[in-house]
Amino acid sequence: MPKADDLVGRVTRQLAELRRGAKVTQEGLADLLDSSVQHVSRIEGGQNVTLETLEKLASALGYRVIVAFEPTGEGLKKRPTTQRQRTAALRAETQALRTTGKSKS
């Protein structure tokens, strides 16, 4: 599972690429936002980032932020809750160990 920092880094790097692609300097973007170059630099570096800030920067560059969730196939797995379910799960795990020689994680 990716860390939140990885996600922030990917998003802020993409935002910096959009800014450069639009041929806008950090100073120019700061002026558009009535902010400082240091603030824009920190955001592009992944610091002090909020969804609201990302939306403002994207909008200043002529973009809108779209958040999408895609299934990974990994998510939370339902754990056995009753004694009968736990016993069945343990039997299945034991059988898997016998047949494959390794644990299911």
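Quick note: the coordinates plus some simple rules give every number you see, no bench work behind them. If you're wondering where the values come from, they're calculated on a predicted model, not measured in any experiment. For neighbour counting, all protein chains shown are included, and Cβ atoms are generated from backbone atoms with ideal geometry for every residue, glycine included.
Cβ-Cβ distances below 7 Å connect no pair with a first residue in the range 45-71 that is within 16 Å of Ala22 (Cα to Cα), a second residue that is in a loop (DSSP other than H, G, I, E, B) and acidic (Asp, Glu), and a separation of six or more residues or different chains.
Quick one: count up the residues across the range 13-34 that are out of contact with any Leu (no Cβ under 8 Å at 6 or more places or on another chain) and either aliphatic (A, V, I, L, M) or buried (at least 17 other Cβ atoms within 10 Å of the Cβ) (or both). Total meeting the criteria: 4.
Under the condition of being surrounded by 10 or more Cβ atoms within 10 Å (Cβ to Cβ) and either among the β-branched types (Val, Ile, Thr) or in contact (Cβ under 8 Å) with a residue 60 or more places away in the chain (or both), the residues counted in the range 72-90 number 1.
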